[in-house]
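Below is one structure, written out as structure tokens; comments come after it.
The values are calculated or read from the model by the stated rules, or taken from the named source; none is laboratory data. The structure presented is a predicted model; accordingly, all values stated were derived computationally and were not measured. Heads up, the Cβs are rebuilt from the backbone with ideal geometry, glycines too, and the neighbour counts pull from every protein chain shown.
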Amino acid sequence: MLVALLPGACATMPGQEPVQVNVVDIESIPGEDLEIRMMVKLRVQNPNNAPIEYDGVYLQMDVLDNTFATGVSAARGTVAPFGEALIEVPVSASALRMAFSAISVFGSGKPVEKVTYKMRGKLSGPMFGSTTFQSQGELNLPGAHAR
């Protein structure tokens with residue numbers, strides 16, 4: 001029973017800061033007919049004095065409160081204490097889902113100036129627990145202020 005409690009205890013240890021994850025690049029990669037594939041490069045920063053070991057990565061990207069793309073990677077590594085690492089995760093997005101989202105946003109006749117996004121995921125620990133991350137924000141659309 002004590003072993004079952006350890007993963008939760010590690011995630012809630014006092015004094016631990018959340019990891020910071022930023023998208024630093026997105027490249028197109030080959031996909032199938034009705035999917036769009038991209039390689040998302042993440043910069044993971046560890047603001048704590050303990051290393052973060054990971055054995056697998058999950059990423060979900062939402063746009064306008066709808067899932068845009070998801071991906072997984074079997075990447076392994078360590079983010080050093082007070083260090084950072086670049087991690088690549090291939091993600092897939094449905095072309096149909098993207099088309100329906102674009103129609104609902106731009107087909108309303110109202111000008112769209114900003115698009116909200118959320119990113120969440122986890123670095124799966126090799127033995128106990130995982131390190132989760134999330135971020136959100138708004139993107140200004142090009143030409144939104146040119147009226």
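Collect the residues in the range 58-84 that are of a type in the set (A, V, I, L, M), outside any strand (DSSP E or B) and touching a Pro at 6+ places or on another chain (Cβ under 9 Å), keeping them in residue-number order. Spell out how you get there, then give the answer.
At the first step, the residues of the range 58-84 found to be of a type in the set (A, V, I, L, M) are 59, 61, 63-64, 69, 72, 74-75, 79-80.
Next, only the ones that are outside any strand (DSSP E or B) stay: 64, 80.
Listed by number, the list holds a single entry, Ala80.
Select from the range 110-141 the residues that are under 30 Å from Asp33 (Cα atoms) and over 13 Å from the mean Cα position of the chain (by Cα) and list them in ascending order. Val112, Lys114, Val115, Thr116, Glu138, Leu139, Asn140, Leu141, listed by residue number.
When every residue of the range 43-57 is checked against the conditions, none turns out to be under 28 Å from Ala99 (Cβ atoms), charged (D, E, K, R) and not in a loop (DSSP other than H, G, I, E, B). Taking the listed residues Asp25, Asp62, the one that is charged (D, E, K, R), surrounded by 13 or more Cβ atoms within 10 Å (Cβ to Cβ) and at pLDDT 90 or above is Asp62, with no other qualifying.
Residues in the range 40-66 that are touching a strand residue (DSSP E or B) at 6+ places or on another chain (Cβ under 7 Å) and polar (S, T, N, Q): Gln45, Asn46, Gln60.
The residue of the range 28-45 that is modelled with the lowest pLDDT, among those that are in contact with a Leu (Cβ under 9 Å, 6 or more places away or on another chain) and either loosely packed, with under 13 Cβ neighbours inside 10 Å or closer than 16 Å to Pro81 by Cα (or both), is Leu34.
Within the range 29-66, the set of residues being among the aliphatic types (A, V, I, L, M) and over 16 Å from the mean Cα position of the chain (by Cα) comprises Ile29, Leu34, Ile36, Ala50, Ile52.
Of all the numbered requirements in (1) at pLDDT below 90; (2) of a type in the set (A, V, I, L, M, F, W, C); (3) loosely packed, with under 14 Cβ neighbours inside 10 Å, Ala80 misses one, and that requirement is (1).
Whether any residue in the range 24-37 is in contact (Cβ under 8 Å) with a residue 60 or more places away in the chain, in contact with a Pro (Cβ under 7 Å, 6 or more places away or on another chain) and of a type in the set (A, V, I, L, M, F, W, C) is what I want to check. There is at least one residue in the range 24-37 that is in contact (Cβ under 8 Å) with a residue 60 or more places away in the chain, in contact with a Pro (Cβ under 7 Å, 6 or more places away or on another chain) and of a type in the set (A, V, I, L, M, F, W, C). Restricting the first member to the range 104-131 and to residues that are assigned to a strand (DSSP E or B) and at pLDDT 80 or above, and the second to residues that are surrounded by 11 or more Cβ atoms within 10 Å (Cβ to Cβ) and of a type in the set (Asp, Glu), the beta-carbon pairs closer than 7 Å and six or more apart or on different chains are Tyr117/Asp62; Lys118/Asp62; Ser124/Asp55.
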